[in-house]
Amino acid sequence: MSKISIGINLILSKLGSSSAQFALGYTYYEGDGVSQDYAKAMKWYRMVAEKGDFLAQLFVGLMYYEGQGVEQDYTEAAKWIRKAAAQGISDAQYLLGLMYYEGQGVEQDYTEAAKWIRKAAARGISDAQCFLGLMYYEGQGVEQDYTEAAKLWRLAAEQGLAEAKYHLGVIYYNGQGVERNPEKAKSWFRLSAAKGNEDAIKALAELFPS
């Protein structure tokens, strides 16, 4: 961003322009035309977040989570990420679910984790689909259901997620939620291994030695 553009955004931000304030936050966060300064980025992002902007709320939450420009604070991170998640932002929903799963900034609650991760999965977030599949596989926060796990992993695998392809290999090899089929298992392991998944590479070596 040019010095003139930065100056214009600074003037507009002081007049209350949310788009200009967000742009300044981004400029300082990335160090685009100015010295990178997370504290200044947080200042401008927070101004916009407090007006209800979902993207700014997510950025503020992430910066609290990482301790960028502020002291690391998982509770504050969860607070801001929740605001974005409540507005239907799928990435925020997935992150909030993970925080409930890990008990970061909130009390650990697998049921609440599954609730938020499911919302993100329904919007097509492949990582959320894969993680929710694991929760169904293990029976964490949901009733154990191998068939549902298989369904979710297939959705994620269709988007190219290597981890999901590995999990499909496992359930086809074991016959969990699907009819046992070692050849299909081998195929999914190969697809996953081709993307560098170490578990799939190990599974091929151990289960299908050439």
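Looking only at region 74-95, decide whether some residue is out of contact with any Ser or Thr (no Cβ under 7 Å at 6 or more places or on another chain), hydroxyl-bearing (S, T, Y) and farther than 28 Å from A157 by Cβ. Taking every residue of region 74-95 in turn, at least one turns out to be out of contact with any Ser or Thr (no Cβ under 7 Å at 6 or more places or on another chain), hydroxyl-bearing (S, T, Y) and farther than 28 Å from A157 by Cβ. Against the list (1) under 19 Å from the mean Cα position of the chain (by Cα); (2) modelled with pLDDT of 90 or more, the condition L55 fails is (2).
Only one of the listed residues (E158, E143) is more than 16 Å from A128 (Cα to Cα), surrounded by fewer than 16 Cβ atoms within 10 Å (Cβ to Cβ) and either aromatic (F, W, Y) or without any contact (Cβ under 8 Å) to a residue 40 or more places away in the chain (or both). That residue is E143. For T27, the criteria (1) at pLDDT below 90; (2) of a type in the set (V, I, T); (3) within 28 Å of W153 (Cβ to Cβ) hold in every case but one, which is (3). Can you say whether E66 is within 16 Å of the chain's Cα centre (by Cα) and over 25 Å from R123 (Cα atoms), as far as the supplied structure shows? Answer is yes for this residue. Within region 83-118, being farther than 25 Å from G139 by Cβ, surrounded by 20 or more Cβ atoms within 10 Å (Cβ to Cβ) and either within 12 Å of the chain's Cα centre (by Cα) or charged (D, E, K, R) (or both) holds for K83, I89, A92.
The values are calculated or read from the model by the stated rules, or taken from the named source; none is laboratory data. In this text the structure is predicted, and so the values were computed from the model without any measurement. Every residue, glycine as well, gets a Cβ built from its backbone with ideal geometry; the counts of neighbours run over all protein chains shown.
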